[in-house]
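Just below is one structure, and these are the notes that go with it.
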Amino acid sequence: MCIFVFGMDTRKYGTCFFEQYAQITLAALLGHEFDDLVNRDRPDLQSADGHTLGIEVTRAMEENAKAAKEMLKDVAGYTYGLRQDDRFGQQELNYWSMALPLRRILESKVAKVGNHFYGHFDKMGLYIFCKDPLSELDAFLTLRHTMSLQKYMDNRYNRLYLSEVHNLYVCNLDEGLKDSSRLLVIPFTPAQRKAFYLEAIRRQLDVS
């Protein structure tokens with residue numbers, strides 16, 4: 001159970017808040033393929049038939065309650081455009097030395113998909129909420145690292161979705177593509193972020 005901070009209220013929400021936020025974002029930004037994903041387990045989002053598309057949703061952060069609370073506060077900040085830090089675009093070549101939570105989650109999730117922990121789907125995606133702002137170079141390094149981790153695996157992710165304060169990075173992990181065609185950057189507008197956030201909150205209240 002996570003703590004979600006809304007205004008001066010502190011309310012308890014399950015991890016499905018993030019899963020629902022991810023599904024709302026994917027459907028709004030990438031199309032109808034994601035409209036009917038259902039919230040299940042192993043992986044978190046699945047096509048209704050249970051085999052066409054599966055997406056695991058997770059967060060890149062330190063594994064403690066304080067970090068979880070900060071992540072949720074950041075999501076609220078993302079939504080309302082309250083965060084003015086504009087580090088996006090910096091080419092931080094030492095990114096991997098600073099992003100240990102992201103590296104750890106990638107290694108864990110890739111190992112699980114390779115071991116068939118999530119079963120078998122025609123297409124598999126990994127959606128990661130990133131606490132740290134990412135540049136396009138950071139996203140590409142993450143893409144390449146993920147591909148190297150699953151290079152010799154029969155069961156693997158086809159797509160990696162990196163969600164951070166300004167953008168959704170859509171990474172194509174399939175074999176046989178040029179690097180120049182692997183990364184799609186989709187900015188969030190303030191209005192979109194607010195709509196995604198409020199819809200995820202509404203869904204939480206509907207099931208509470």
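The values are calculated or read from the model by the stated rules, or taken from the named source; none is laboratory data. Because the structure is predicted, anything quoted here is derived from the model rather than measured. Cβ sites come from the backbone with ideal geometry, for glycine too, and all protein chains shown count toward neighbours.
Brief remarks follow.
- Considered as a group, the residues in region 14-51 that are β-branched (Val, Ile, Thr) and closer than 17 Å to residue 170 by Cβ include one that is nearest to the chain's Cα centre (by Cα), and that residue is 25.
Here is a yes/no grid of residues against (1) outside any helix (DSSP H, G or I); (2) more than 30 Å from residue 48 (Cα to Cα); (3) touching a residue at least 40 places away in the same chain (Cβ under 8 Å):
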| position | (1), (2), (3) |
| --- | --- |
| 113 | no, no, yes |
| 119 | yes, no, yes |
| 127 | yes, no, yes |
| 145 | no, yes, yes |
| 176 | yes, no, no |
| 184 | yes, no, no |
| 199 | no, no, yes |
| 202 | no, no, no |
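- Lone unmet requirement of (1) of a type in the set (A, V, I, L, M, F, W, C); (2) surrounded by 14 or more Cβ atoms within 10 Å (Cβ to Cβ); (3) at pLDDT 90 or above; (4) not in a loop (DSSP other than H, G, I, E, B) for residue 71: (3)
- Tally, over region 99-129, of residues that are buried (at least 18 other Cβ atoms within 10 Å of the Cβ) and either at positive phi or of a type in the set (A, V, I, L, M) (or both): 9
- Residue match in region 24-31 (condition: more than 21 Å from residue 185 (Cα to Cα) and of a type in the set (A, V, I, L, M)): no
- Members of region 158-204 that are of a type in the set (Phe, Trp, Tyr) and either at pLDDT below 95 or out of contact with any helix residue (DSSP H, G or I) (no Cβ under 6 Å at 6 or more places or on another chain) (or both): 161, 188, 196, 197
- Verdict on residue 188 being crowded, with 17+ Cβ neighbours inside 10 Å, within 21 Å of residue 28 (Cα to Cα) and touching a His at 6+ places or on another chain (Cβ under 9 Å): yes
- Those residues of region 147-165 which are out of contact with any strand residue (DSSP E or B) (no Cβ under 6 Å at 6 or more places or on another chain) and either among the aromatic types (Phe, Trp, Tyr) or touching a residue at least 60 places away in the same chain (Cβ under 8 Å) (or both), in sequence order: 152, 165
- The number of residues in region 153-174 being outside any strand (DSSP E or B) and surrounded by 15 or more Cβ atoms within 10 Å (Cβ to Cβ) comes to 8.
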